[in-house]
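Structure record follows, encoded as structure tokens.
The values are calculated or read from the model by the stated rules, or taken from the named source; none is laboratory data. Computed from a prediction, not measured in an experiment: that's the story for all the values here. Cβ placement follows ideal geometry from the backbone for every residue including glycine, while neighbour counts extend to all protein chains displayed.
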Amino acid sequence: MKIDAVTAVAEARVILVSDTHLSTSAPQAQANWDAVLSYVAACAPDLVIHLGDLSLDGAGHAADLRHGRAQLDRLPVAWHAVPGNHDIGDNPWPGAPAGIAVDAGRQQRWLDIVGADHWSITAGGWVFLAVNAQLVGSGLAAEDAQWSWLDEQAGRYRGREPIALITHKPVAAPGPELAAAPPHRFWPASARGRLARLFGGTPPALVMSGHVHQYRLLRLDGADHLWVPTTWAVLPDQVQPAWGVKRCGIVSLTLTAGTLAGQKLIEPDGIEQHTITVDLPDPYRRHGLAGYLPDELGCLGHRAVRRGEQPGLHREVVPHARPPGVRHVHPGRRSAGRQQPGVRRKQFVSPGLDQQRR
Ligand SMILES: [Fe+2]
């Protein structure tokens, strides 16, 4: 069910999903998506938002995008989506492999198959401004149009309702982390500055992103930055450090009267925990895309990782009666609000999250 009009909901429960990497050639991704669908059907949120990398390789194959769109249409509730680098190509950066960048044709393919790549809605007293992060720094006409739209939207809502920014790539992180990051993990630096100026020094209260395949919540410069994990597979520690929680899952947001009443990581019943190259092969190498890969996935084709090498994080699993569709939940920093009936809170606080609060 796709909705195109602005909707207004006084209280809302929103499910955030990201990095599904769907394709007819990705059976593990499909199985985990099916688990997400069952959870959504059981819990009936008001809205599902997909934060990008819907497809395994929509940038290269329209069939993957069409498959991703068909999977979104299986959701029994309204949905919105923004594209990721694997859907339409990446932000260009100096030295990037040839052919990986977003272009007008790839962006148009998203518009034709999936729908709008930037949009705004209101829900739970919040204004959600969703942008196509892959356009940033591209120089395409569509990037100029999007900046103009975002400027108009920020001016309209700034100081009135809390603003939540939705973007495939994260915008910010602590300074040393930003400085050490590869150029394709975050928004380009120049665009980060432009974004800050656009909001007039008052950043969006909440910035939600995907891309890194980790769940994380950190507060920076007056804003909460929420990283939505992958539903497909995480990356081994040898390839990507753990800043948050490396688990396959989704995030539930509860929004009430302009406040974020709660957010939590959920692992729907049936979702499998995959680590790329440990539990499943690197599909991009199989697709002949080694060297193409625009995020940490790009490292995988060149590294040998054996099962058992990843240290991982301790997980406490306690047998518990629960409703169909829910396996367990990681409480987030603001999780003191309404608890979903039948959803059990885990008994530990993620070490990654705890560290980020300091
Ligand atoms: Fe991505």
Restricted to segment 270-296 and to residues being assigned to a helix (DSSP H, G or I) and more than 22 Å from the chain's Cα centre (by Cα), the residue modelled with the lowest pLDDT is ARG286
Quickly run through segment 199-235 and pick out the residues that are aromatic (Phe, Trp, Tyr) and assigned to a loop (DSSP other than H, G, I, E, B). PHE199, TRP232
Which of the residues belonging to segment 137-190 are among the polar types (S, T, N, Q) and at pLDDT below 95? SER190
Within segment 8-62, residues within 16 Å of the ligand (Cβ to nearest atom) and among the hydroxyl-bearing types (Ser, Thr, Tyr) come out as SER18, THR20, SER23, SER55
If TRP93 meets every condition in (1) part of a helix (DSSP H, G or I); (2) within 16 Å of the ligand (Cβ to nearest atom); (3) of a type in the set (Phe, Trp, Tyr) apart from one, which number is that one? (1)
Go through segment 83-117 residue by residue and tally those that are modelled with pLDDT under 95 and within 21 Å of GLN71 (Cβ to Cβ). 0
Scanning segment 127-139 for residues that are crowded, with 20+ Cβ neighbours inside 10 Å and out of contact with any Ser or Thr (no Cβ under 9 Å at 6 or more places or on another chain), which turns out farthest from ILE15 (Cα to Cα)? SER138
